[in-house]
Amino acid sequence: MDQNDMKRAVARAAIDFVPQGIIGVGTGSTANFFIDELAGIKGRFDGAVASSEATAQRLRSHGIKVFELNEVGDLDVYVDGADEITRHMHMIKGGGGALTREKIVAACSRQFVCVADQTKLVDVLGQFPLPVEVIPMARSYVARQLVKMGGQPRLREGFVTDNGNVILDVVGLNILDPVRMESDINQIVGVVTNGLFARRGADILLMGTPSGVEMLRPA
Ligand code: 5RP
């Protein structure tokens, strides 16, 4: 079973969590497998709120209705992938650059179901560069503050978020307290948000392994 098979398997398993109403849908290759699975049951739910333009487009291409978050209020379930996740269900997200909208949809959702293959499970976050979405004019100021925090920020070249901002990918951070670091980075003026999902982590991890899908809850 390769990594894509494991992603496909967790995407299929997440179908059990789809409510009758409107579901929040994340961004990335695992989320894309989930969207493709949703297509097969589209008569069973009303539609979706998308965490990115790419996800909205893929949902619509399957004939799934896409709602604006402001039209619908809170959601029962949000399904999304992660770049790294711990057994405490803290995550790094934003490899696809959709972190801000992902965090907004997650905040509005009663249950966050993370879908990921086993390579994403880590003891300590931070091997994956931490994405930070930044207002363009604040880019070098924010980069200097991140250096003071021990990080080495790199501009994601040629990439603009759905919100018209840039991403700094930060390596070298010692993320032993992800809840605190999430808040500390968000306090820097010019930061829109960062890819630490610790204050609102996942509620369930559906983890793809070569022997099947395991369901984990916060340790
Ligand atoms: C996008 C994300 C994705 O969830 C994360 O990058 C994981 O992607 P994939 O499922 O392709 O491994 O946060 O902004």
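Summary of values
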| read-out | value |
| --- | --- |
| Single residue of SER109, SER52, SER29 found to be open to solvent by less than 40 Å² (accessible area, probe 1.4 Å), closer than 19 Å to PHE159 by Cβ and within 16 Å of the ligand (Cβ to nearest atom) | SER52 |
| Among residues of region 87-106, those that are assigned to a helix (DSSP H, G or I) and either open to solvent by 10 Å² or more (accessible area, probe 1.4 Å) or within 11 Å of the ligand (Cβ to nearest atom) (or both), counted | 7 |
| Pairs, first at negative phi in region 155-180, second open to solvent by 80 Å² or more (accessible area, probe 1.4 Å) and modelled with pLDDT of 95 or more, C-beta under 6 Å, six or more apart | ASP162/GLU53; VAL166/ARG139; ASP169/ARG154; VAL171/GLN152; VAL179/ARG199 |
| Some residue of region 55-63 being among the polar types (S, T, N, Q), open to solvent by less than 10 Å² (accessible area, probe 1.4 Å) and at negative phi | yes |
| Boolean, THR100 is touching a helix residue (DSSP H, G or I) at 6+ places or on another chain (Cβ under 9 Å) and at pLDDT 95 or above | no |
| Residue match in region 33-48 (condition: under 15 Å from the mean Cα position of the chain (by Cα) and away from the ligand (no atom under 12 Å from the Cβ)) | no |
| Residue in region 57-78 that is modelled with pLDDT of 95 or more, in contact with a Gly (Cβ under 6 Å, 6 or more places away or on another chain) and within 9 Å of the ligand (Cβ to nearest atom) present | no |
| Number of positions in region 1-24 that are within 18 Å of LYS42 (Cβ to Cβ) and within 11 Å of the ligand (Cβ to nearest atom) | 1 |
| Matching residues in region 38-49 - criterion: being open to solvent by 50 Å² or more (accessible area, probe 1.4 Å) and either of a type in the set (Asp, Glu) or assigned to a loop (DSSP other than H, G, I, E, B) (or both) | GLY40, ASP46 |
| Matching residues, region 112-147, being crowded, with 16+ Cβ neighbours inside 10 Å, among the acidic types (Asp, Glu) and closer than 18 Å to LEU176 by Cα | none |
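The values are calculated or read from the model by the stated rules, or taken from the named source; none is laboratory data. Only a predicted model underlies this, so the values are computations on that prediction, with no experimental measurement involved. Cβ: placed from backbone, ideal geometry, glycine included. Neighbour counts: every protein chain shown. Surface accessibility is based on the protein's heavy atoms, side chains included, excluding ligands, DNA and RNA. Shrake-Rupley method; radii C 1.70, N 1.55, O 1.52, S 1.80 Å.
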